Amino acid sequence: MAVPEIRRNDRVFICGQTGGGKSALAHFLFRSVPIPVTQQQAKEDPQWRLIVDIADSVVDPAFTFVDPAKIPWDKSYSLRFVPDIRNLTEQVDVLLGSVRDHGNTWVWIDELGAVSTSHSTGPNLLWLTMQARKFGVGVCSATPRPVGVNPAFYGQAQHLFSFIMTDPNDIGHVASSFGLPPSDFRRLLYSLPPFGYVWYNVRALERRIMPPLDPDIIMLLEQNAE
């Protein structure tokens, strides 16, 4: 799977309609974050990766836990948090407060729209996208509806990816972040092949049409947990 190099404390935003491949790409990026495999590596360069699996649908061997106040940092360098949907916003905010205190973590939030809206975003979630880089914390957030989330997630990102979207409101909200007017961005998205996507490197002001994701990889990574 061809993706550009991304720094461990970068902010990444992925959008695209359901089934287009965004979760597969986010999962691939998550698995690409290097974590220690020896005690020496852990001593020299400790790095964790954490899935905030809101829909409880990510199939991954990461160590799974459910208490946001007790992140098991000592159990694994690859972690998966499954929140209680009845108290979702509060739980995610507590979790990210612990991440802030710990540092050195790559956080993947799938289904961002469930915890962030254009009018309401928890303080630690806002910290994650505004100030977390200095703590060695990176974030990858994914949503099918960018129109509904806090604009800081795509406005502050160093890397933006978009799969096909058809809703003009979604396209219009993120077009300028991809360096294009809405009409040009819409034409670009409509020209994509199945599972193809656009990558925009904000730091370098570079835009690329990326090769389509392998459908077999998408089926493997986007299957629901049983």
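In whole angstrom, note down how far apart the Cα centers of the stretch 69-124 and the stretch 1-68 are. Here the answer is 13 Å between Cα centres. Rolling a 1.4 Å probe over the protein heavy atoms leaves residue 48 with an accessible area of roughly 30 Å².
Between helix 88-102 and the chain there is an angle of about 70 degrees, using the helix long axis and the longest principal axis of the Cα atoms. Charged neighbours of residue 9, selected by a Cβ distance under 10 Å, balance to +4 (K, R count +1; D, E count -1). For the stretch 1-134, the antiparallel share of DSSP beta bridges with both residues in that region comes to about 10%.
Restricting to the chain, what percent of DSSP beta bridges are antiparallel, rounded to 5? Spell out each step's value before the answer.
Numbers: 10 of 36 bridges.
Here the antiparallel bridges make up roughly 30 percent for the chain.
About the centre of its Cα atoms, the chain shows a dipole size close to 680 debye [charges on the beta carbon of Lys, Arg (+1) and Asp, Glu (-1) only; nearest 20 debye].
Stretching residue 208 away from residue 76 to a fully extended chain increases their span by 44.0 nm, per 0.36 nm per residue minus the current alpha-carbon distance.
Between residue 88 and residue 134, the FRET efficiency estimated from the beta carbon spacing at R0 = 30 angstrom works out to 0.65. For the stretch 98-154, with all protein chains in place and a probe radius of 1.4 Å, 50% of the accessible heavy-atom surface sits on carbon or sulfur. Remark on residue 11: its backbone amide H falls under 5 Å from those of 139, 158, 159, a criterion applied only to residues 5 or more positions apart or on other chains, H modelled at 1.01 Å from N. Surface analysis of the stretch 105-220 yields an accessible area of 43 Å² per residue, using protein heavy atoms and a 1.4 Å probe.
With semi-axes defined as the square roots of five times the eigenvalues of the C-alpha gyration tensor, the equivalent ellipsoid of the stretch 66-183 measures 27, 15, 12 Å, largest first. Whole-Hz Karplus values for the stretch 103-114 come out as x, 6, 9, 9, 10, 10, 10, 8, 6, 4, x, 6 Hz, taken residue by residue from phi with 6.51 cos²θ - 1.76 cosθ + 1.60 and θ = phi - 60°; glycine and proline positions read x.
Once every DSSP H run of n ≥ 4 in the chain is given -39500 (n - 2.57) and the sum is divided by its residues, what mean residue ellipticity at 222 nm do you get, rounded to the nearest 500 deg cm²/dmol? Before the final figure, lay out the partial values.
Numbers: 8 runs with 67 residues, N = 226.
-8000 deg cm²/dmol, from helical runs alone.
Couplings 3J(HN,Hα) of the stretch 179-196, computed from phi: x, 9, x, x, 5, 5, 5, 4, 4, 5, 5, 5, 8, 6, x, x, 6, x Hz, in residue order, whole Hz [Karplus 6.51 cos²θ - 1.76 cosθ + 1.60, θ = phi - 60°; x for Gly and Pro].
Please identify every one of the trypsin sites (Lys or Arg not before Pro) in the stretch 107-215 that sits in a loop by DSSP and has no more than 11 other beta carbons within 10 Å of its own beta carbon.
On the way: sites: 133, 134, 186, 187, 203, 207, 208; in loops: 203.
Sparse-neighbourhood loop trypsin sites (Lys or Arg not before Pro): 203.
Percent of Cα pairs in the chain per distance bin of 5 Å, from zero to the largest separation: 1, 7, 15, 20, 21, 17, 11, 6, 2, 0, 0.
The values are calculated or read from the model by the stated rules, or taken from the named source; none is laboratory data. Quick caveat: nothing in here was measured; it's all calculated off a predicted structure. Here Cβ is always computed from backbone atoms with ideal geometry, including for glycine, and neighbour counts include all displayed protein chains. Just the protein is used for accessible areas: all its heavy atoms, side chains included, with ligands, DNA and RNA removed. Shrake-Rupley method; radii C 1.70, N 1.55, O 1.52, S 1.80 Å.
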